[in-house]
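The values are calculated or read from the model by the stated rules, or taken from the named source; none is laboratory data. Note that the structure is a prediction, hence the values are computed from the model and not measured. When we count neighbours, we look across all protein chains shown, and the Cβ atoms used for this are built from the backbone with ideal geometry, even at glycine. With ligands, DNA and RNA removed, areas are computed over all heavy atoms of the protein, side chains included. Shrake-Rupley method; radii C 1.70, N 1.55, O 1.52, S 1.80 Å.
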Amino acid sequence: MLDIQKIRADFPILTQKVNGKPLVYFDNGATTQKPQVVIDAIAKYYQEINANIHRGVHTLSQLATDAYEESRKKIQNHINAKFAHEVLFTSGTTHGINAVTNGFASILKPGDEILVSALEHHSNIVPWQMLCERTGAILRVIPMNTDGELIMAEYDKLLSDKTKVVTVNHISNALGTINPVKYMIDKAHEVGAAVLIDGAQAVPHLKPDVQELDCDFYVFSGHKLCGPTGTGVLYGKEEWLNKLPPYQGGGEMIKEVTFEKTTYAELPHKFEAGTPNIAGGIALGTAVDYMNEVGFDNIQQQEKELLEYGTQQLLTIEGLKIYGTAKEKTSVISFNIEGIHPYDIGTIIDKLGIAVRTGHHCAQPIMNFFEITGTIRASFAFYNTKEEIDSLVAAVKRAQNMLA
Ligand SMILES: *Cc1c(COP(=O)(O)O)cnc(C)c1O
């Protein structure tokens, strides 16, 4: 079992007071807090080895390059990629998805189909719509049921030899549903389609094995797994990354430049134009180490308890309805209280030191499905406690009384 108080001591922000009350941070689905080791890794880079990478022969440049490439290897090991050059640094999930959709612009033809799930974040919908506009490809939606689970029988029916890409999140940010991605990947491959998995909400809770999943692309953001903002990863199978044209042109991504023709650098540099977020990339490696030290078994155990306790306690509130009741779900509880706007609850409980997300969670199609404008979302991390859930429940009850 985790020693939660010891874990909490790793996160300086958790001792803060907000509006004069101890902070209860339940907005981990939007971004997680950072442990001191990650904050230190950023400072250490600037204090001791700041230099541009892959360029200079001088010592600092070598040290910075080594640290950055070591971080890439850590991430490779963490997600079990076959090669380090299949791990591309990005600024986040959004960047990773756009790099892939941009690459497919030269591959797709009018009438080709892209399957997207009904559970997606806007950043895994809009780039595909833009790709459809550019290529004449058609977007089809894999529907869900009222528990917030994708309907596999419908997915099977949508697949055909026209399907070129399937894109789905590993875990839904709005509802917490864990999707059957292994099944979906295998099925897509039977018709020759490529699969992108949006792992933004999965990596804080589990350790993905990209070779076992056999996905073609896996994307995530660093800031949702205790790493810095402005960092992320696009994993792609070597053969796909070789096939897709680069996303951006610039320094670092070339082999040879003349005004007649430019040839591109080898992977991973082909997709890493310009000076990257060096400090962030290094600190992301530190975050991955930190999460592994805590241990994903421990993380899952703690979050499962929080999810069960939170669900039970919140349901004691009259008129409270939970959206997202999938059998397989992570520690996210999206809810509403009859007759009260989510924003009003969020504002009142903020005054009591409690941070939750209110609104559509960048997933308007899900809100439309449930015919609501938004929800209150409490998303728990391994450093949260049952006492904090008690504070949330008490605060929501108080807000309800005030607004009734
Ligand atoms: C947060 C999130 C994104 C977008 O991530 P950014 O870090 O904002 O690029 C995409 N998909 C899901 C499921 C998310 O939770």
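Straightening the chain between residue 60 and residue 305 buys 83.6 nm, computed as 0.36 nm per residue apart minus the Cα-Cα spacing. Ordered by solvent-accessible area of protein heavy atoms (1.4 Å probe), largest first, the residues 386, 157, 327 come out as 327, 157, 386. Between residue 48 and residue 343, residue separation times 0.36 nm minus the direct Cα-Cα distance comes to 101.7 nm. In the chain, the DSSP-assigned H stretches of four residues or longer account for a calculated mean residue ellipticity at 222 nm of -11500 deg cm²/dmol, using -39500 (n - 2.57) per stretch and the full residue count as denominator.
For the pair residue 355 and residue 122, what calculated FRET efficiency results from E = 1/(1 + (r/R0)^6), where r is the Cβ-Cβ distance and R0 = 30 Å, to the nearest 0.05? Before the final figure, lay out each step's value.
Numbers: r = 22 Å, r/R0 = 0.72.
For residue 122 and residue 355, the calculated efficiency is 0.85.
Scan the chain and hand back the longest stretch that contains none of the GluC sites (Glu not before Pro) lying in DSSP loops with at most 14 other Cβ atoms within 10 Å.
The longest uninterrupted stretch comes out as 1-259.
Measuring nothing but protein heavy atoms, the accessible surface of the range 39-292 at 1.4 Å probe radius is 52 percent carbon and sulfur.
For residue 215, the solvent-accessible surface with a 1.4 Å probe is about 0 Å², rounded to the nearest 10. In the assembled protein chains, residue 3 presents an accessible area of approximately 90 Å² (probe radius 1.4 Å). Summarising the strand pairing of the chain, around 60 percent of its internal DSSP beta bridges are antiparallel. Averaged over its residues, the chain has an accessible area of 43 Å² per residue, based on protein heavy atoms and a 1.4 Å probe.
What separates the Cα centres of the range 49-68 and the range 240-296 is a distance of 15 Å. Building the convex hull from the alpha-carbon atoms of the range 39-292 and averaging its projection over directions returns 14.0 nm². For the range 295-334, the alpha carbon convex hull comes to 57 Å³ per residue, rounded to a whole number.
Classified by the C-alpha gyration tensor, the range 203-257 has an oblate form. Its axis ratio a/c, with a ≥ b ≥ c, is 1.5 or above, and a/b does not exceed b/c.
Sorted largest first by accessible area at a 1.4 angstrom probe radius, with every protein chain in place, the residues 240, 128 fall in the order 240, 128.
Shown are 398, 140, 357, 134, whose ranking by accessible area with a 1.4 Å probe and every protein chain present, most to least, is 134, 398, 140, 357.
Summarising the label geometry, the points placed 7 Å from Cα in the beta-carbon direction at residue 30 and residue 15 lie 2.5 nm from one another. Heavy-atom accessible area for residue 106, with the other protein chains in place and a 1.4 Å probe, reaches approximately 80 Å².
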